[in-house]
1. Using each residue's phi in region 216-233, evaluate 6.51 cos²θ - 1.76 cosθ + 1.60 at θ = phi - 60° and report the 3J(HN,Hα) Karplus result to the nearest Hz, with x for Gly and Pro.
2. Give me the angle, in degrees from 0 to 90, between the Cα long axis of helix 188-199 and the longest principal axis of the Cα atoms of the chain, rounded to the nearest 10.
3. To the nearest 10 degrees, how steeply does helix 70-94 sit against the main Cα axis of the chain, on a 0 to 90 scale?
4. Report ³J(HN,Hα) in whole Hz for each residue of region 46-54, in order, from the Karplus equation J = 6.51 cos²θ - 1.76 cosθ + 1.60 where θ = phi - 60°; Gly and Pro get x.
5. Taking region 33-269, how many lysine pairs are there with alpha carbons less than 24 Å apart, if each pair must be eight or more places apart or span two chains?
6. Determine the calculated [θ] at 222 nm for the chain from helices alone, applying -39500 (n - 2.57) to every DSSP H run no shorter than 4 residues and normalising by the residue count; nearest 500 deg cm²/dmol.
7. Local charge sum around ALA73 (other residues, Cβ-Cβ under 9 Å, Lys/Arg +1, Asp/Glu -1)?
8. Quote the convex hull volume per residue of the chain, based on C-alpha atoms, as a whole number of Å³.
Amino acid sequence: MSAPDKPGAGGAQSYADYLQFDRILAAQRPISNAHDEMLFIIQHQTSELWMRLVLHEIAAARELLQHDDFRPAFKMLTRVARIFDQLNSAWDVLRTLTPSEYERFRGVLGGSSGLQSHQYRLIEFALGNRNPGMLERLDYRAEYRRMLEQELARPSLYHVALQALSSKLGVAFAGESLRRDAPHRHDDAIARAWTAVYRDPKRHWDLYELAEKLVDLEDYFRRWRFNHVTTVERIIGLKRGTGGTAGVPYLKRMLEVELFPELWRLRGDL
Ligand code: HEM
């Protein structure tokens, strides 16, 4: 009788091999001699790793919703909200970085900035906040720009939710509100349809639960934006960003972004 497969047995697989330690733990390379640059690098790298999982979950949830398979999609959307929650707590670590400590290595960052995070932009595009003007920020890597363009060609998670809303309620929405290459804007017909769902949750339970999953996700995403801008203000005050924006004033404007505006506004109409 052969022995059951055991990871690591016979040297086939080890913890370090499986998790690619040679690559992942060799990828923290400060370029200044400031002690705190390591924190800065790890904070960004871990955020990007979690964003990778967010994208994995959103892509799968979107596909399931397109096939009317709501339950497993809900579980994935809950996971995305939990990831944002985790990222929100992570700001507490970065908040230990003082302005004086940051100044010791800020100069070596050059023009690199979170504005160039293709994964962050992919998340925004996948959720429905699609500003094609942001594409040029990814020109530094043709492959990233291509990924963003491919994402723009797909329906966003919100588009897919709206398709489900439209087909289950038997209502049609204007083509303009379903445009793939523009940020989603509030639409009265969509708001009316979601309101009908919230007025009779028992009848439209799947849609109702879907809407609440989306609100939950956006709630945690908003907290991420808020924590980011507060941390940034604490560290650089009103200095311009390394990416060339006004810095905190730019990030404060981003707090006004609404991913699923109808779902927020209908609450006042119930
Ligand atoms: C010392 C810490 C940090 C500072 C001072 C900082 C500062 C800024 C500033 C000023 C901007 C505006 C764009 C610019 O002009 O550069 C920005 C954007 C951004 N940052 Fe940070 N940031 C910090 C940490 C982080 C971390 C840990 C992440 C996680 C990945 C992150 C992700 C982003 C993203 C995704 C944007 C684009 C936001 C948007 O366009 O809405 N930042 N950051």
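1. 4, 4, 5, 4, 5, 5, 4, 5, 4, 4, 5, 4, 4, 5, 5, 5, 4, 4
2. 80
3. 40
4. Each residue's phi maps through the Karplus curve to give 5, 4, 5, 5, 5, 5, 4, 5, 4 Hz.
5. The result is 7.
6. Rounded to the nearest 500, it is -19000 deg cm²/dmol.
7. Summing Lys and Arg as +1 and Asp and Glu as -1 gives +2.
8. Expressed per residue, the convex hull around the Cα atoms of the chain is 175 Å³.
Values in this text are rule-based calculations from the coordinates and carry no lab data. All values reported here derive from a predicted model rather than from experimental measurement. For neighbour counting, all protein chains shown are included, and Cβ atoms are generated from backbone atoms with ideal geometry for every residue, glycine included.
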